[in-house]
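A.B. asks: Please read through the structure below; I'll follow up with questions.
Every number here is computed from the coordinates shown, using simple stated rules; none is lab data. Bear in mind the structure is a predicted one, so any value in this text is a computation, not a measurement. Counting neighbours? That spans all protein chains shown, and the Cβs are built from the backbone with ideal geometry, glycine included.
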Amino acid sequence: MKKTEVIVVGAGIIGLATAERLLKQGVKVTLLERHSTGHESSWAGGGILAPLHPWNYFDEVTRLASYSAQQFFTWTSNLYAKSGIDPEYEKSGMLVLEPYDEEAARQWCLDRNIKIERQIINDLIEKNPEINKQALYFPDIAQVRNPRLLRALCTHVAQLGGKIIENCAVTGFKVAHQHVQSVTSTCGKFSADHYVVSAGAWSKTMLGNHALNLNIKPIKGQMLLFKYDSPPTRTIIVQNDLYLIPRRDGHLLVGSTLEDVGFDKQVTELARNRLFAQAQTILPSLNKKPIIQHWAGLRPASPNNIPTIGRHPVIHNLFINSGHFRYGVTMAPASAEIMVNEIIGTRQPFDISPYQMR
């Protein structure tokens, strides 16, 4: 590939991962970020490297998530070595509490050679007579600490020569003859050979008329943070849409809501109380713990959780890498691989037609 230049719009986990992979191909990359690098949904999520109940998702979601999760150990190890920042990749396993469809879960795992076990949960978490003792355990599911991953990735992108311009909101695209000639922004006009939109929940709004049938919208998720002297559980715990994620240093994340309220990022007392109450039914000791932090993020929701990754159907040098909903961190390395393969014309690892914009 000849020496080219790419502008990536959005410096969240998807934009940064795409930039890193492009830079390793010798491409000059500039990222334009509307606010601060990696501080939207990429930072706000929990970092579980798998869908919560994978058997309930379309194959297009689980195929991409699984392929991506397999890359995380090598990816994060390299980022740690290069940046000196540990993303805290850890294979902590995931415990799924009732209700669940055990037959569907076991068949899904059998078809994909994924480990699944039935566990007595009192062996793994606090004893609580209110919780059914039977649960499903997935020993190979891992997690990563989002803020650390983002800092490591941002550092490495800079080491590779990438340029990140913060507080630079893209306001429009100048298009002629089915090509983007430049983007306008609050900090000037920028031109490149190719343009990648990885602006998360803002992608459709930013593209305006060029969004065509792209269906991405914000869905708010609220989270709580607690602190123990040592982790109260050794594993990720999931029940319905609630999850508890233990960190190495004793922090415990509790999430998350799913709220269709537009671009409203305000936290609410109702969500805080509901998450706190639900989490206490699993870990009664939380009743004695203060909430250290309460925040919200806006996920880029898309139909059936299937992201859009590929070339714009009309504008030949415009690409979309967005709409990953709850699994942007999980899908980041594989989405970056697919995106860069599309730009440079390299063979894809599998059929990517389900992710292409139409």
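A.B. asks: Give a residue-ordered list of calculated ³J(HN,Hα) values for region 297-308 (Karplus: 6.51 cos²θ - 1.76 cosθ + 1.60, θ = phi - 60°; whole Hz; x for Gly, Pro).
C.D. replies: Listing the rounded values in order: x, 10, 7, x, 6, 9, x, 6, 6, 8, x, 9 Hz.
A.B. asks: Okay, next question. Loop sites only, by DSSP: take the chymotrypsin sites (Phe, Trp or Tyr not before Pro) in the chain that have at most 15 other C-beta atoms within 10 Å and name the longest stretch containing none of them. It would help to have the intermediate numbers written out before the result.
C.D. replies: Numbers: sites that count: F58, F263, F350.
So the longest stretch without any such site is 59-262.
A.B. asks: Still on this structure: Step through the residues of region 148-158 one at a time and calculate ³J(HN,Hα) from phi using the Karplus curve (6.51 cos²θ - 1.76 cosθ + 1.60, θ = phi - 60°), rounding each to whole Hz and writing x for Gly and Pro.
C.D. replies: Result, rounded to whole Hz: 5, 4, 5, 5, 5, 5, 4, 4, 5, 4, 5.
A.B. asks: Something else: Which one of G47, G38, G161 has the biggest mean-square fluctuation once the chain is modelled by GNM with Cα springs under 10 Å?
C.D. replies: G161
A.B. asks: Beyond 38 Å, what share of the Cα-Cα pairs of the chain is found? Please give it as a whole percent.
C.D. replies: Value for the chain: 16 percent of Cα pairs lie more than 38 Å apart.
A.B. asks: Taking Rh as the Kirkwood radius computed over C-alpha pairs, what is the Stokes-Einstein D of region 1-111 at 4 °C in a medium of viscosity 1.567 mPa s, expressed in µm² per second?
C.D. replies: 78
A.B. asks: Another question, then. Quick check: the distance between the Cα centres of region 322-348 and region 50-115, to the nearest angstrom?
C.D. replies: If you average the Cα positions of each part, the centres end up 16 Å apart.
A.B. asks: A follow-up question, please. What residue among T330, T257, T268 shows peak mean-square fluctuation when the chain is described by a Gaussian network model with Cα springs under 10 Å?
C.D. replies: Among T330, T257, T268, the largest GNM mean-square fluctuation belongs to T268.
A.B. asks: Another one. What full-extension length gain, to one decimal in nm, is calculated for N304 and H35 as 0.36 nm per residue of separation minus the Cα-Cα distance?
C.D. replies: Between N304 and H35, full extension yields an extra 94.0 nm.
A.B. asks: Given the pairs K227/K265; K227/K289; K189/K265; K24/K91; K265/K288; K91/K220, which span a C-alpha to C-alpha distance of over 18 angstrom in this model? List each step's numbers first, then the result.
C.D. replies: Numbers: K227/K265 24 Å; K227/K289 7 Å; K189/K265 29 Å; K24/K91 27 Å; K265/K288 28 Å; K91/K220 27 Å.
Over 18 Å Cα-Cα: K227/K265; K189/K265; K24/K91; K265/K288; K91/K220.
A.B. asks: Give the list, by residue number, of cysteines in the chain with no other Cys Cβ closer than 4.7 Å, or say none.
C.D. replies: Those would be C109, C154, since no other cysteine Cβ in the chain comes under 4.7 Å of theirs.
A.B. asks: While we're on this one: With only alpha-carbon pairs counted, each pair once and no self-pairs, how large is the Kirkwood hydrodynamic radius of region 211-313 in angstroms?
C.D. replies: 15.2
A.B. asks: Another question, then. May I ask you to compute the full-extension gain from L225 to I120, defined as 0.36 nm times their residue separation minus their alpha-carbon distance, rounded to one decimal in nm?
C.D. replies: Length gained between L225 and I120: 35.2 nm.
A.B. asks: May I ask you to derive the FRET efficiency for F58 and Q181 from their Cβ-Cβ distance with R0 = 45 Å, giving the value to the nearest 0.05?
C.D. replies: Details: r = 37 Å, r/R0 = 0.82.
For F58 and Q181, the calculated efficiency is 0.75.
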